[in-house]
Structure formats: C-alpha cells, structure tokens
Amino acid sequence: MNRPGYDIANFLRILILGFWVIAFAWLLSANRYQTFIQPKLWPLLAGALVLLILFLLAVYFRFGRPASHDAGLWSRAGQFSLLLVPLLYMQVGVTQGSLGSDAFEKRSVTGQTITPGGKGIRPREQVEYSHDKTNEVDLLRMLEDMERLEGLPVSVVGRVYNDDTLPAERYVVYRFVITCCAADALPVGALVEPGTLEKFADDEWIRATGIMRTTMVDGEPSPLVMATKVEKIDPPANPYLSPF
Amino acid sequence: MANLPGFVNVNSELSEAITPTAVTPAVPKARSKLPGWSLSAIAVAVLMAIPLLVAGRTPTLHTLSVTFVSIVLEALPFVMLGSLIGGLIEVFVSRERLTALLPRNRTLAIMAAGLLGLVFPVCECAIIPVTRRLVRKGIPFSVAVAYLIAGPIVNPLVAASTYVAYAGDWLITFARLGCGFGIAVFIATVIDEWFAGQKALRPGGIETLPAHTCGPSCDHDHTPLPSREGLGKGDATDHPTPHPPVAPPQGGTGFTPLPLREGLGEGDATDHPTPHSPVVPLRGATGGRRTSTAITHALEHAADDFLHVSQFLIIGAFAAAASQSFIARQAFVDLAETPSITILLMMAMAVVLNLCSEADAFVAASFRNTLPLAAQLAFLVLGPMLDLKLIAMYLSFVRKRALLVMIVLMCVLVFAMSLTLHHFAWGGV
C-alpha cells in the first residue's frame with residue numbers, strides 16, 4: 001500500500017537533489033563558483049551537475065511507487081535539513097566574494113615559503129622582464145622572481161590589508177593561491193609604500209604601480225612596491241592565483 | 001561459490017539459513033518512533049545555520065561561508081562519483097566475482113588492497129561510498145580498511161601532486177606513499193585480528209544498505225534469467241517484491257541485508273524493501289532493456305548513497321571550516337618548540353584543515369622553511385586518512401569502538417614513524 005509518509009520522504013529527496021541541481025547550475029553560470037573553487041576545476045562541477053540530474057531522474061521516476069513499508073520520512077527530513085545548510089552559506093559566500101583579510105590574518109604564517117626559488121608549486125616558464133616599461137606581474141610571480149625584479153618597474157593587482165604592525169605609510173597587497181579550493185588557499189602578499197597619503201580600506205582591490213624593492217619582514221625578504229600610482233579597480237574575474 | 005578461507009561473510013549467518021522455501025521476505029514494520037539520528041541531524045542542521053542568523057555580515061562568517069562551501073563543493077563531485085561506482089558495483093558485480101579477485105591469503109589480500117589505489121585512484125571522499133559498497137558485497141572489512149586508508153595516499157595523482165609541490169623531491173614522495181601503505185596494512189591487519197567479520201561495522205551502516213531490488217509494483221521484465229556463470233544468485237534485478245531471496249546454488253553466498261534498523265544508516269535502507277539478487281548480467285535474455293533498467297537502479301543506489309554520505313560530509317566540512325575560520329595557523333607554528341610537538345601540531349592541523357589529498361602537499365610544502373620535514377610528512381600521511389569530515393563519514397558505517405582503534409593507531413603510527421624518520425633518517429632536519 002502506498003503510504004503518505006513514503007511519498008513525502010521521496011518528495012523530500014527529490015527536493016534536495018533539485019535544490020542542488022539548481023545550485024550547481026547557478027554556480028556554473030556567470031562563474032560564481034570561482035569564489036570557492038579553482039577555475040580549472042569547472043569540469044568537476046559540470047560533471048557533478050550531470051550526475052545530480054541523473055540521480056534526480058532516477059529518483060523521480062521511482063516517485064509514487066508504493067513501497068512495502070514506510071520510507072523514513074524523518075530520515076529524509078534529517079538529510080534534507082543537513083543538505084540545505086551549504087546552500088544557505090553558498091549564498092553568503094557568493095554575495096560577499098572571495099576570501100578576504102580575515103582569512104589572510106588567520107592563514108598567514110611567519111616564514112612560510114610559497115615559492116621555492118623558482119621551482120615547486122609554480123613550475124612555469126621563465127619570464128624576461130623589461131627595464132623600460134612596466135612589468136605586469138602577479139603576486140606569486142613577484143615572490144618567485146623577487147631578486148630578478150629588484151629595481152624594475154612593476155604593476156601588481158591585489159587586495160588591501162592594513163597591518164597595524166607596519167609603518168603608517170605602508171600596507172599590504174595580498175591575494176590567495178589555491179590549488180583546488182578556498183580551503184587550501186595560501187596567502188601571498190607584498191608591501192606597498194605609496195607616494196601619496198591616499199588610504200584604502202581593507203579588502204579593496206587595487207592596482208599598485210611603481211618600482212620593486214626588497215625589504216625584510218620578520219627576518220624574511222619580502223617584496224616592496226614603491227608605488228607611484230595606486231588605483232582602485234574592480235575585482236578580477238578570478239580572484240585567486242593558481243600555482244599551475 | 002564458498003567463501004574464501006578465513007574470510008568472514010558479512011551476512012554469513014543469514015546466508016547459511018537461506019533456502020528457497022525457508023525465507024520469507026522480511027517486510028520491515030513501519031516505525032512509529034522518531035529515529036534519534038534524524039532528529040539529531042535536524043538539530044545539527046539548525047545549529048549550523050545559527051551563525052547565519054546571529055553573526056550578520058562579519059568577516060569571520062564570510063571566511064566560514066567560503067571555506068565551508070568550498071570544502072563541500074570540492075568533495076561532493078567525488079562523493080557522487082564514488083556513489084556511482086558503488087551503485088554500479090551493487091548492480092553489476094556479484095559478490096563471488098568480487099571476492100574471487102582477491103588473493104586467498106588474507107595478508108596478501110590486505111596488501112593488494114593497500115596498493116589498489118595505484119590502479120584505481122580515488123580521493124578520500126570518493127573512497128567511502130565505494131568502500132561501503134565493497135564491504136556490503138562481501139569484501140572483508142579488514143581488506144576494505146587497507147584500501148580505505150591507503151587509497152587516498154598510494155595513488156598516482158597524489159604522488160604527482162606531492163612531487164610537484166616539493167619541487168621534484170622523490171624522497172618525500174616515496175616516504176609519503178610508503179608510510180601510507182605501511183600504516184594502512186598494519187591497521188588493516190590489526191582490525192582483522194580484533195574485529196573479525198562485521199564486528200567493526202555499524203548496525204545499519206552496511207548491512208542495511210539497499211540491496212539491488214525494485215518495488216512491488218515495478219513494471220520491469222520479471223522473467224527469470226537463465227543461470228549465469230559466477231553469479232551466486234538465481235535471478236537478477238527485475239523481480240516483483242516482496243519475494244523470497246533465492247538460495248545460492250552450490251553453496252553460494254546469500255545476500256540478504258540484516259534486518260537491523262538502528263543507527264545512522266536507517267534512512268537509506270527503507271527505499272529498497274526486499275533484498276534479493278545483487279547482480280545484473282550485461283548480456284542477458286532481454287538485452288538492452290534489462291541493462292538500461294539496471295543502470296537506472298544503479299543510479300537509484302548511487303543517489304541513496306550520495307544523500308547518505310553527504311550528511312556526514314557536511315557536518316565534517318562545517319567543523320573543518322569553523323576550525324579554519326577561528327584558529328590562526330600561526331598558533332600552531334608558535335607552539336612548535338620541539339620536533340615531537342611540531343609533529344603533533346602538524347598532525348592536529350591535518351585533522352583540522354580537511355584538505356584534499358591531491359592538494360594538501362602544496363600546503364605542507366609551504367612550511368619547508370618553518371618546520372622539520374618529518375612534521376610535514378606527518379601532515380601528508382595523516383591528512384588523507386583522518387580529518388574531521390572523514391571521521392564523520394567513517395561513522396556512517398564503522399562502529400565507534402573500531403573507529404576509535406583506527407584513529408588511535410593512525411595517530412600513534414604516524415607520530416612514531418615521523419619521529420623515527422626525523423631522528424634516524426633525516427638527521428633532525
């Protein structure tokens with residue numbers, strides 16, 4: 001005999017899967033997933049969306065079949081509740097954007113080595129830098145080629161972090177390097193010393209242009225951009241840097 | 001086919017009792033009580049949602065949101081994939097065929113399972129639904145444990161990521177894989193000794209995983225299939241239910257889920273009321289239609305497994321994200337005064353961060369100038385076998401006592417191995 005509890009339980013299951021199908025489609029449209037996941041992993045999410053649709057269809061076509069016992073309405077309610085929670089947080093994450101200064105503070109470690117002298121997490125080809133024109137570099141490249149960039153004109157994009165322990169005229173421009181997802185994000189940063197008194201709020205995206213110098217921070221060499229121009233910019237399409 | 005010597009069949013007692021006439025389909029009674037786990041799940045979900053209501057748009061809530069969702073998004077596709085593989089195994093692979101692939105010697109079987117990741121690489125999220133199904137299919141739990149623990153470490157993708165992260169350092173790559181394999185085999189052997197058969201399995205976690213079946217009013221072709229070589233059951237997928245499970249010919253193994261309904265697995269078992277034959281021939285009397293029906297059933301199983309395992313993933317991911325959002329990594333490093341403490345702290349960090357085994361090497365490598373290599377290795381070896389989300393997911397089918405033994409062994413072995421390498425192999429570097 002078909003039990004109402006069974007139908008409701010199955011309906012909850014269809015609802016859960018349906019919500020997640022919509023969530024994955026929503027994340028993939030307009031690249032919203034890039035707040036959470038390395039852009040190169042989009043096929044992973046696309047594949048997951050396909051699987052979710054298949055799961056949904058398989059469950060849907062079983063819907064309404066009578067069962068020989070009730071189907072665990074409360075169990076489905078528990079599943080439904082738990083699987084709903086990430087969807088609520090997803091909305092917050094997408095609205096507020098990629099990891100910010102709070103994560104930068106929590107994940108920064110003194111003496112942490114992001115780039116092992118040109119090798120390691122960024123096995124990229126060597127770049128020739130110009131002495132005459134501004135070199136567009138990302139923060140990872142700046143750390144990687146700190147010595148080669150010394151004294152050269154550079155332009156770098158990142159978010160602002162106003163560190164109370166630094167001299168008043170300096171602040172940090174930072175980004176995160178992610179391999180797979182924001183959980184493994186590692187912060188990378190450089191100091192900026194602007195020639196003007198213009199201040200930026202934490203987490204604002206800026207482009208700092210100037211001459212690259214090296215300074216010591218906590219006993220470790222760190223890049224310093226003696227900026228001649230700092231401008232506020234829109235967030236880049238991909239807020240994170242990739243080691244690959 | 002009889003069980004392999006020394007192997008304990010999960011459902012051996014029931015299997016032995018099954019005869020074509022002796023078994024009446026056990027139709028579970030409707031539950032009148034609210035299952036404890038279900039209420040707990042709802043309560044946990046409400047607790048997890050509370051920060052959204054009370055914290056407003058604080059930076060920490062933002063960090064928590066992004067980290068939590070990113071862990072879930074990264075893991076879910078692998079859980080789906082693992083569930084799909086599990087569903088396909090459930091429908092298309094017979095227990096006999098599966099167990100026949102294993103070496104008859106238990107130690108060799110454990111070692112082979114420890115190396116299975118080299119040819120069947122899956123991460124720690126995907127491996128759990130696969131392992132649940134493998135155990136459900138009759139793979140001894142101890143053998144499954146070897147695959148469960150070693151699989152996310154001893155595989156080519158993890159080797160490649162470790163190699164790249166450490167700038168082509170084969171030493172750390174081989175050390176990681178070797179230690180992962182050794183620890184997995186050791187723990188599996190201990191589990192084999194201490195928790196024979198299904199003693200390590202949570203009631204309701206494996207036994208009542210939905211066997212391949214269909215509902216009583218299904219419209220499939222129910223024509224009994226001709227006998228099939230190597231299959232322990234007399235018929236395949238398309239039976240009207242309820243009906244008695246068919247006795248295995250020639251002393252073959254039965255395949256009836258235990259009627260236990262307590263514990264975390266209760267919800268899923270309900271969807272497949274009648275246990276019967278687990279396998280579908282790819283070439284059968286009715287050919288394509290039967291196969292497509294079987295694929296639909298495999299997807300149903302996969303959907304059930306996915307929903308079940310995801311609950312635990314989400315709880316663990318939230319705990320991990322909260323840890324990452326509220327505890328500064330510098331705090332770990334500040335406490336690292338001696339090699340022993342440093343190793344312990346890196347082990348704690350591995351449990352807390354919940355990183356994917358294919359990405360964690362990059363985080364570990366970032367500590368090269370800060371921490372001893374042995375501490376990094378401890379992080380690399382322990383992380384894929386033990387973290388907050390994995391603990392929650394293990395609980396979906398492993399008894400607490402067995403899990404406690406596994407956790408203690410993992411921690412003790414990783415610590416001892418790292419400290420030994422630090423002092424005797426790497427000269428305290």
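Every number here is computed from the coordinates shown, using simple stated rules; none is lab data. As the structure is a computational prediction, the values presented were derived from the model and not from experiment. Cβ placement follows ideal geometry from the backbone for every residue including glycine, while neighbour counts extend to all protein chains displayed.
Here are the numbers:
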item: Most mobile listed residue (A:39, A:194, A:86) in chain A, GNM with C-alpha springs under 10 Å; result: A:86
item: Kirkwood hydrodynamic radius (C-alpha pairs) into Stokes-Einstein, the stretch A:103-232, 25 °C and 0.890 mPa s, D in µm²/s; result: 164
item: For residues of B:296-302, the mean tally of beta carbons on other chains within 10 Å; result: 4
item: Average beta-carbon neighbours from other chains, 10 Å sphere, peptide A:97-103; result: 5
item: Two-site FRET efficiency, residue A:233 against residue B:60, from Cβ-Cβ distance with R₀ of 22 Å, rounded to 0.05; result: 0.25
item: Over the stretch B:338-429, volume per residue of the alpha carbon convex hull, in Å³; result: 82
item: FRET E, pair residue A:25, residue A:244, Förster distance 30 Å, beta-carbon r, rounded to 0.05; result: 0.70
item: Residue-averaged [θ]222 nm for chain A, counting only DSSP H segments that reach four residues, each worth -39500 (n - 2.57); result: -11500 deg cm²/dmol
item: Of A:100, A:219, A:195, the one that fluctuates the most in a GNM where chain A has Cα springs shorter than 10 Å; result: A:219
item: Volume of the Cα convex hull of the stretch A:4-97, divided per residue and given in Å³; result: 87
item: Segments A:226-233, B:73-80 sorted - mean Cβ within 10 Å per residue, highest first; result: B:73-80, A:226-233
item: Likely footprinting exposure, B:393, A:212, fewest C-beta neighbours within 10 Å first; result: A:212, B:393
item: Average beta-carbon neighbours from other chains, 10 Å sphere, peptide A:186-192; result: 1
item: Most mobile of A:206, A:53, A:178 in a GNM of chain A (Cα contacts under 10 Å); result: A:53
item: ³J(HN,Hα) computed for each position of the stretch B:90-101 - Karplus, 6.51 cos²θ - 1.76 cosθ + 1.60, integer Hz, glycine/proline x; result: 4, 8, 9, 10, 7, 4, 5, 5, 5, 5, 5, 6
item: Ordering of B:42-51, A:88-97 by burial proxy (mean other Cβ atoms within 10 Å per residue, highest first); result: A:88-97, B:42-51
item: Volume per residue of the C-alpha convex hull in chain A, rounded to whole Å³; result: 144
